[in-house]
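Comments concern the structure below.
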Amino acid sequence: MLLTGCGPRVSLPHIHLPHPKIFYRPEIVLGVPHFSMNPLTARVQPDNGIKLMSLIYDSLVKIQPDGQVSPDIANSWSVRDHYTSYVFHLNPHAKWWNGRPISVHDVAWSYALYANPRAPISPDKSLSSVINQIHIVNAGTVEIQLKYPDPAFLSNVVASGNGHPILPAFMVYSVPLKRLASSPIFNKIPDMMGSGPYRPVSANAQGVKWIGNPHYFLGAPKSRVLITTWNNSPAPDINWTSDKTDGHPHVLSYSGPHYYMLLYNSKRVPTALAKALPQMMNRKDLAHTLSHSLTPAYEPVIPGSLYTTRHPSYNPRAMLLQSGYKQIHHTWISPHHHRINFTILTANEPDAVRLGSAIHRQLLAEGWDNQLTTTPNLIHAMKTHAFNMALVKRTATPYPLLMQDYGFRSPDNYGQYNSVAFRQSAHNILFSPNPTAATKQALTALLQSPPGVFLLWHEHHIYINSHVQGFRINPFNPLSGIQYWHVMPPRNKS
């Protein structure tokens, strides 16, 4: 300590913090799935329908329910060199729970960790194939350079809920890499250091108790105490796990980011048939196939998104007849007088088999000879193009970089979708001054010549007690909009 005092004095910049808002209610209880609070080892599990890591750690940006990117730790940002360089300017009010400002060194160290192929993180968080280098520009600015252009880097990687929060580098930068994941900073509640609106203070077999941060730089949360419980004890005010709530709950339904799609192998499915099939399938009937709730999907963006476009409507039979197809004894015949027969490939999971069977029956009733085939390794079968049509499950992104799923060189483009109109409009996203307009153009081209049939969204149900007011759901990260709800005390009946 004496030697430290002899060195040059290093002082943190004086930060004027916004005045904290008042708490609307002392306590709120959330019923949620069991989750891990370790940001390094916890896997990204979008099926849970809720991502609680954003309560502890902030990210550079947030995603709003309409898909727009909004500030978080980064006050502003700019994109350079055709989406290969992202420059972030940090919010001077952003700070850790101990009052220390979040610095560019915290940001640079965090992303260097995610880009390190030897880092002790789950594979779905690794950015070693994405990030080229991180550069600290000045005391408030950091630049992340990518290995290839990616217009969706903000929403698919940087935003909260995607598994890449900013970590307290000032506390762990000297910890050896092999011991980092077991550090008490990421595992032991009294020692954890975060920057989010709530701080965990205790845990037991029923759940976790959190304390609201009245000096949170984006505004104090609406409740002083938050309790997350995964066995419904105490009774939750907002419940993601079951319908067993006290009081008089009401149900809030929303389409999550996952959807089912019947993917075409473009080399085996003629253009006329590809356009006709979406119009000949009854999605509403398919929605009742599985036990959990599903809702019809007509495009690869969540309903209500700013990228939603009106899907084209065709008269499928007229289009097929115009293209030379004939229907003889209710069975469709190709222009070359061959009886059409194709295979629908699904995984051997119960839900996929049930849904695939329903699709098989619908197409058979429309006059298309087809058979259902299951496989234990659906991905391998699609990569080797051993299919005509495959029932797949995909995830919509807040900023739908459509080239990632359907681009000519995309590793996920198992059907080799190579529409010229789509490829050109998607390429324009990289150079357009208006990415939203360019994305809509690419989406329109995608729907005019679909790579498959967009079938069903997974619909999530949330049970909310009547005293919860103004709750606004975010399908990409349900708790990122935590500032939009509040809870009023129940009124006593006279």
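Just want to confirm a number: the relative contact order over the range 255-458, from Cα pairs under 8 angstrom separated by 6+ residues, in percent. Here the relative contact order equals 38 percent.
For the range 313-421, trypsin sites (Lys or Arg not before Pro) are listed when DSSP marks them as loop and at most 11 other Cβ atoms sit within 10 Å of their Cβ; the list is ARG409.
One entry in (1) 23.7; (2) 34.3; (3) 25.0 is Kirkwood radius over Cα pairs in Å calculated from the shown coordinates; its label is (3). Using 0.36 nm per residue and subtracting the Cα-Cα separation, the extra length available between GLN424 and ALA318 on full extension is 35.3 nm.
Inter-part distance, the range 396-457 to the range 314-361, computed on C-alpha centroids, equals 25 Å. In the chain, the longest principal axis of the Cα atoms and the axis of helix 435-448 are about 30 degrees apart. FRET efficiency for the SER233 to HIS467 pair, using the beta carbon distance and R₀ = 25 Å, is estimated at 0.85. Here LYS62 is the anchor, and the lysines within straight C-alpha reach of less than 27 Å, apart from those fewer than 8 places off in the same chain, are LYS21, LYS51, LYS95, LYS125, LYS147, LYS188, LYS209, LYS222, LYS393, LYS440. Of SER466, SER255, the sequence from fewest to most neighbouring Cβ atoms within 10 angstrom is SER466, SER255. Model label sites at GLU459 and SER76, defined 7 Å from Cα along the beta-carbon direction, differ in position by 4.4 nm.
Taking every alpha-carbon pair under 8 Å whose residues sit at least 6 apart, the chain reaches a relative contact order of 21 percent. Compute the acute angle (0 to 90°) between the alpha-carbon long axis of helix 104-115 and the principal axis of greatest extent of the alpha-carbon atoms of the chain; round to the nearest 10°. Relative to the chain, helix 104-115 is tipped by roughly 40 degrees. Charging the Cβ of each Asp and Glu at -1 and of each Lys and Arg at +1, and nothing else, the dipole of the chain about its Cα centre rounds to 80 debye. Gain on full extension, evaluated as 0.36 nm per residue between ASN204 and ARG179 minus their Cα-Cα distance, stands at 6.5 nm. What nm value, rounded to one decimal, do you get for the distance between ASN434 and HIS135 when each label is placed 7 Å out toward the C-beta? That separation, rounded to one decimal, is 3.2 nm. The order of TYR259, TYR148, TYR463, going from fewest to most other C-beta atoms within 10 Å of their C-beta, is TYR148, TYR463, TYR259.
Taking each DSSP H run with n ≥ 4 as -39500 (n - 2.57) and averaging over every residue of the chain yields -5000 deg cm²/dmol at 222 nm. By the count of neighbouring beta-carbon atoms within 10 Å, fewest first, LEU378, LEU262 end up ordered LEU378, LEU262.
Under 25 Å Cα to Cα from LYS326, which lysines show up? Leave out anything in the same chain fewer than 8 places away. Leaving aside lysines fewer than 8 places away in the same chain, those within reach of LYS326 are LYS267, LYS275. Tilt of helix 350-365 relative to the longest C-alpha principal axis of the chain, in degrees (0 to 90, nearest 10)? On a 0 to 90 degree scale, this one is about 30.
Every read-out reported here was derived from the displayed coordinates using simple, explicitly stated rules and does not represent laboratory data. Keep in mind the model is a prediction, meaning the values are calculated, not measured. As a convention, Cβ positions derive from the backbone with ideal geometry for all residues, glycine included, and neighbour counts pool all protein chains shown.
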